[in-house]
2 protein chains.
Amino acid sequence: MPRKHSAADAPLRLDNQICFAVYSAAHAFNRVYKPLLDRLGLTYPQYLVMLVLWERDDVPVKDIGEKLFLDSGTLTPLLKRLEAAHLVKRTRSSEDERQVLIALTPQGHALKDKARAVPQSILAASDCSVSELVAMKDEIVGLRDRLNAVIGE
Amino acid sequence: MPRKHSAADAPLRLDNQICFAVYSAAHAFNRVYKPLLDRLGLTYPQYLVMLVLWERDDVPVKDIGEKLFLDSGTLTPLLKRLEAAHLVKRTRSSEDERQVLIALTPQGHALKDKARAVPQSILAASDCSVSELVAMKDEIVGLRDRLNAVIGE
DNA sequence: TCACATTTAATTGTTCGCAATTGAATGTGC
DNA sequence: GCACATTCAATTGCGAACAATTAAATGTGA
C-alpha cells in the first residue's frame, strides 16, 4: 500500500515544526508592525531598543543587549542609526571608559507618546483577548528561557 | 505616592510584549539549531527550504516562498548558495520560462537521513512534552495566520 | 608594580529579510 | 495580431543578526 508520506518523516515535516511556527510568527509580527513603526521612523529592532530606554535611560550597551538577547555586533550599528536620527546620544562612561552609555534625547523621550498607539493596533491585529495573549506570551517566554538555558552549557 | 512605573506605560513595557516573546524565542531556536545544522552545512533558513524540498521536489521558487512566507529577494541568493553546495539544481521550466524549478541533487536527498537527528535534539532542548509543544505550535500558528490575514487587506 | 586574564565595544565578513525596481514570459481583451 | 496588464525571478540597497577578531580599559595575583 503506497503512501505519500512515511510516518518516519513526520518529525521533518514543516507543519510539525514549532520552530517554524515561531519563526513565521515573528515575521508576521514584523510585517504588521512595519506600517505602524514607519510613522515613528523606527524599524522593529530599533523599537525594541526604544522600549528598553523608555523604561530606563542612560544604560550601557551591554544592559540593552542582555534584555534583548543581542550583542554589540547588532547593537552598535543600530544605536549609531538611532543617534543619526537624533533619538539617542552615545557617550563613554567616565567611571568605566569601556562602557558606552545610551541616553535618550528630548526627541527620543517625546517619541514615547506617539508610540502608545502601537500596542493597541497590534492587539487588534492579533484578534485575540488580552488574557489569551498573556497566557501565550508566558508559555513562549518559558520555552525561550529553557532553550537559552541549553545554550549556556 | 511616587511610583516607578506608570500604569499607562504597561502596554509599552518590554516584558508585556508578546511580539518580543516570539522574536526572542525565534532567536533562541536559531542558536540551539546552529551547532546541529553546522554539521549538515546548513543555516536555519536553508534547513527550512530543505524541509520543503524533502516533502516535495522539483517545485518553483514561488511555491517554496508561499510555504515559508519568503519572497524571491530572500530565496534567490539562498537557493544559489544551496546550488553552490551541490544540494539543489535550479532549472528554468520548459512549460513556463518565467519559473525556476528547484530540484534536489542526490546529495540533497541524502542529507535527509542526516537531518533526522535534528528534531530529536530540539525536542530535548525544549524540555517539554510533545503534546505541550503541539498545543503551543497550534496556538502560535493560529496567531500567525490571524496576523497574516490583517496584512493582506 | 607588572604580567595576565577579563570585560566591553567596535569592526569585519557572511547570511538573512524585505522593499522597490527591472526584465522577460505569459495571459487578456479588443 | 497587438497593446496591455500580470506573473515570476532576479537585482539592488538597506537593516538586522551573529561569529570571530581587535583594541582599549579594568581587575587580579604574585
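Only the coordinates and a few stated rules stand behind these numbers; no lab work does. Owing to the predicted nature of the structure, the values given are computational and were not obtained by experimental measurement. Methodologically, a virtual Cβ is constructed for each residue, glycine included, from the backbone with ideal geometry; neighbour enumeration extends over all protein chains shown.
What are the semi-axes of the equivalent ellipsoid for segment B:54-94, taken as the square roots of 5 times the Cα gyration tensor eigenvalues, largest first, in whole Å?
Equivalent ellipsoid semi-axes, largest first: 15, 13, 11 Å.
May I have the extent of the alpha carbons of chain B along their three principal axes, as whole Å values ordered from largest to smallest?
Over chain B, Cα extents along the principal axes are 74, 40, 27 Å.
Pull out the extension gain between residue B:109 and residue B:71, defined as 0.36 nm times the separation in residues minus the alpha carbon to alpha carbon distance; nm, one decimal.
11.3 nm
I'd like the projected area of segment B:81-129, averaged over all directions, using the convex hull of its alpha carbons. Report it in nm² with one decimal.
Projected area, direction-averaged: 5.3 nm².
Using only the alpha-carbon atoms, how far is helix B:72-84 inclined from the longest principal axis of chain B? Give it as 0 to 90 degrees, nearest 10.
The angle comes out at about 50 degrees.
Inter-copy label distances at residue B:145, 7 Å along the Cα→beta-carbon direction, one decimal in nm, shortest first?
In nanometres, ordered from closest: 3.1.
Please report the residue of chain A with the smallest beta-carbon distance to the A-to-B rotation axis, and give that distance in Å, no decimals.
For chain A, the closest residue to the axis carrying it onto B is A:26, 2.
Which distances, in nm and shortest first, link the residue B:99 label point to the same label point in every other copy, taking 7 Å along Cα→Cβ?
So the label point of residue B:99 gives 5.9 nm to the other copies.
Which distances, shortest first and in nm, link residue A:8 to the matching position in the other copies, using label points set 7 Å out along Cα to C-beta?
Ordered by distance, the counterparts are at 6.4 nm.
Once the Cα atoms of segment B:1-61 are picked out, what are the Rg and Dmax in Å?
That works out to 19.7, 67 Å for Rg and Dmax.
About the Cα centre, and with charges only on the beta carbon of Lys, Arg (+1) and Asp, Glu (-1), how big is the dipole of segment A:4-111? Nearest 20 debye, please. If you can, show how the numbers build up before the last one.
Details: 14 positive and 13 negative charges, 86 e Å.
For segment A:4-111, the charge dipole is close to 420 debye.
Kirkwood Rh and Cα-based Rg: tell me the resulting Rg over Rh for the protein assembly as shown, rounded to two decimals.
We get a ratio of 1.01 for the protein assembly as shown.
Which lysines does residue A:89 reach when only Cα atoms under 17 Å apart count, and residues fewer than 8 places away in its own chain are ignored?
Reachable lysines: A:62, A:80, A:112.
Which of B:57, A:38 comes first, and how do the rest follow, when ranked by fewest Cβ neighbours within 10 Å? Show your work: numbers first, answer last.
Details: B:57 14, A:38 10.
Going from least to most buried by this count: A:38, B:57.
Give the residue from B:110, B:149, B:51 lying farthest towards the positive end of the charge dipole for segment B:47-153; charges sit on Cβ (+1 for Lys and Arg, -1 for Asp and Glu) and the dipole is referred to the Cα centre.
Sorting the options by dipole projection puts first B:110.
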